[in-house]
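These notes are about the structure you will find just below.
The numbers here are math on the coordinates, done by the rules we state, and not lab data. Small disclaimer: the values here were computed from a predicted structure and weren't measured. Here the Cβ is made from the backbone with ideal geometry for all residues, glycine too, and neighbour counts use every protein chain on show.
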Amino acid sequence: MNKLLLIIFGALLVSACTSVPSKSALTPLDLTADKDAVDDYWLAYRKVTPVYPALAKQQKLSGCVEFSLLIDANGRAVAPTIIKSFPVGVFDEQATIAIEKWVWVPTQTNTERQPVMTTFQHDFVVRQSSNSKAAYDACKI
């Protein structure tokens with residue numbers, strides 16, 4: 001009898017938990033066409049600067065990595081995907097590590113913590129760059 005009551009009670013608890021809507025149930029807004037619109041929903045609270053790769057610094061390379069990403073209801077970057085990188089592959093790893101550590105906080109008007117899709121670009125610039133013209137053209141630095 002006690003086992004039956006425990007099973008019924010456990011089932012009620014599980015069904016009650018699944019009937020409560022979660023914040024992540026909101027469909028993300030696609031703001032990839034308007035980067036500035038993200039500021040209406042989320043503000044960067046903790047920005048992490050990527051480490052400049054030693055070989056790129058030694059070769060005086062400048063460049064960028066552009067991502068598409070989801071800022072979830074917890075203010076975290078989810079599934080950052082590289083859209084473009086210049087020079088290809090040089091800064092990708094460090095840029096990805098950094099963007100995954102960023103934290104955003106909702107604006108006062110984003111009380112529901114609306115997730116958004118956006119794009120973001122990390123720029124890597126070194127003085128007297130050996131590829132400054134190409135980097136500027138590719139990255140709009």
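Annotation: Val48 fulfils all but one of (1) surrounded by fewer than 19 Cβ atoms within 10 Å (Cβ to Cβ); (2) in contact with a Ser or Thr (Cβ under 9 Å, 6 or more places away or on another chain); (3) outside any strand (DSSP E or B); (4) of a type in the set (Val, Ile, Thr); the unmet one is (2).
Considering the stretch 129-141, and only residues there that are in a helix (DSSP H, G or I) and of a type outside the set (S, T, N, Q), the residue that is surrounded by the fewest Cβ atoms within 10 Å (Cβ to Cβ) turns out to be Lys133.
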